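Reviewing the structure listed below.
Every number here is computed from the coordinates shown, using simple stated rules; none is lab data. Predicted model only: the values in this text are computed from it and were never measured. We place every Cβ from the backbone using ideal geometry, glycine too, and count neighbours over all the protein chains shown.
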């Protein structure tokens with residue numbers, strides 16, 4: 001699970017950098033949407049989904065899941081492993 005978590009955190013960190021959102025602390029409890037979390041809008045969520053699919057071959061959003069936290073994304077991939 002550590003490998004999965006590290007990969008997901010790296011992907012999210014890279015996307016945040018590209019969106020000029022540096023200094024955001026990301027861990028398993030970080031929410032994807034809302035001001036207290038990553039604050040992703042619908043376009044950013046779609047980009048995250050596409051990036052996860054490129055990396056892992058699937059993504060929780062396309063699988064019908066609607067993860068609310070980084071930890072739920074990690075759990076999706078950990079369950080598939």
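FRET efficiency for the residue 81 to residue 35 pair, using the beta carbon distance and R₀ = 22 Å, is estimated at 0.10. Working from Cα pairs under 8 Å separated by at least six residues, relative contact order for the range 2-80 is 36 percent. Each stretch of four or more DSSP H residues adds -39500 (n - 2.57); spread over every residue of the chain, this sum gives -17000 deg cm²/dmol at 222 nm. Helix 70-80 and the longest principal axis of the Cα set of the chain meet at an angle near 10°. Relative to the longest principal axis of the Cα atoms of the chain, helix 42-56 runs at roughly 40 degrees.
With a simple spin-label model that places each label point 7 Å from the Cα along the Cα-to-Cβ direction, the separation between residue 25 and residue 68 comes to 2.1 nm. Set against the 2.2 N^0.38 Å expectation for a compact globular protein, the chain has a Cα radius of gyration ratio of 0.98.
Sorted on the mean count of surrounding Cβ atoms within 10 Å across their residues, most packed first, peptides 16-26, 35-45 read 35-45, 16-26.
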